[in-house]
1. Pairs needed: first member in the range 1-14, among the β-branched types (Val, Ile, Thr); second member anywhere, in a strand (DSSP E or B); C-beta distance under 6 Å; at least 6 residues apart or different chains.
2. Identify all residues within the range 25-50 that are within 18 Å of the chain's Cα centre (by Cα), of a type outside the set (Lys, Arg) and farther than 14 Å from Tyr106 by Cβ; write none if there are none.
3. Name every residue in the range 59-75 that is farther than 18 Å from Ile206 by Cα and not hydroxyl-bearing (Ser, Thr, Tyr), in order of residue number.
4. Among (1) part of a helix (DSSP H, G or I); (2) surrounded by 13 or more Cβ atoms within 10 Å (Cβ to Cβ), there is one condition Phe136 misses while meeting the rest; what is its number?
5. Looking only at the range 175-197, count how many residues are under 11 Å from the mean Cα position of the chain (by Cα) and within 27 Å of Ile155 (Cβ to Cβ).
6. How about the range 176-226: which strands (runs of 3 or more DSSP E) wholly inside it have at least 1 residues that are charged (D, E, K, R), touching a Phe, Trp or Tyr at 6+ places or on another chain (Cβ under 8 Å) and crowded, with 18+ Cβ neighbours inside 10 Å?
7. Taking Ser88 as the residue in question, decide whether it is buried (at least 17 other Cβ atoms within 10 Å of the Cβ), within 22 Å of Ile196 (Cβ to Cβ) and hydroxyl-bearing (Ser, Thr, Tyr).
8. List the number of the failed condition for Thr105; all other conditions in (1) assigned by TED's automatic domain parsing to the domain that holds Tyr45; (2) of a type in the set (S, T, N, Q); (3) closer than 26 Å to Ser184 by Cβ; (4) in contact (Cβ under 8 Å) with a residue 24 or more places away in the chain hold.
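The values are calculated or read from the model by the stated rules, or taken from the named source; none is laboratory data. Worth saying up front: this structure is predicted, and the values here are computed from it rather than measured. Ideal geometry is used to build each Cβ from the backbone, glycine not excepted, and the neighbour counts take in all protein chains shown.
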Amino acid sequence: MKYYLLRTVSDPKIVGVTDGGGQVELDANNPITEELKNFFFFASYWNEKRTAPNFDVRNCTATIVPKAKLTDFLNFSPALMTCPFMISERLAEVFASFKVQKYYTYPVTLSKEGMLIPDKYFLFCCPFLGYEVINFPESVFYTKKSLFDKERNYIHYKDEKDFSENYIVSAKIEKLVLNSNFDSSLDYFKTRVGEIYISEGLKDAIEVLGFTGVSIFDDKEPLIVV
């Protein structure tokens, strides 16, 4: 199966905001926001091997920031580990009809200038696939001296342990090879290495149905090998 890279957009013409930030902000005065921030905090999330909240996620609220436009894939703040965006009700229905890796959705009530709006959105939480699905010896990593430097310094990792102990923050991926235990029938996946990838079928659905807020690429590294 061919996979495509999916990224949210920051173009002000599409999202409205001009500072590159989220279009909505989880309300800081709502207790559930603090619970989510604590649960999805980067360090403790990995150290405690967390996946999805072990508490009832209810009554989430968020405020649309000034000048923001609503898109189907909706950027929000603060950032929460494994929660890349909020999704519209219509998009949630489409996701449910495709084979997306294990995920959770939590209803979010949006408001603008103190007024509730009728549009239904969900916080999308999708725990990453683990290192066990990655074939480290055959995957290709590299670093560069600068953004525009064409010369690549290749890095080879023997296994997950080698990667964890010798990981270089600035390393990029030229080729990501997945093991046989990876479910190649997935239409959407995200591992602990790399970005979000979708199948051609899901790509076509997003494009044909006109879902907004993302760009889809088939010419961006890494090459995905299944």
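1. From residues that are among the β-branched types (Val, Ile, Thr), the pairs are Thr8/Phe73; Thr8/Phe85; Thr8/Val214; Val9/Ser215.
2. Glu25, Phe41, Phe42, Ala43, Tyr45, Trp46
3. Passing the criteria: Asn59, Cys60, Ala62, Ile64, Val65, Pro66, Lys67, Ala68, Lys69.
4. Failing condition for Phe136: (1).
5. 8
6. Qualifying strands (runs of 3 or more DSSP E): 188-190.
7. Yes.
8. Among (1) assigned by TED's automatic domain parsing to the domain that holds Tyr45; (2) of a type in the set (S, T, N, Q); (3) closer than 26 Å to Ser184 by Cβ; (4) in contact (Cβ under 8 Å) with a residue 24 or more places away in the chain, Thr105 violates only (4).
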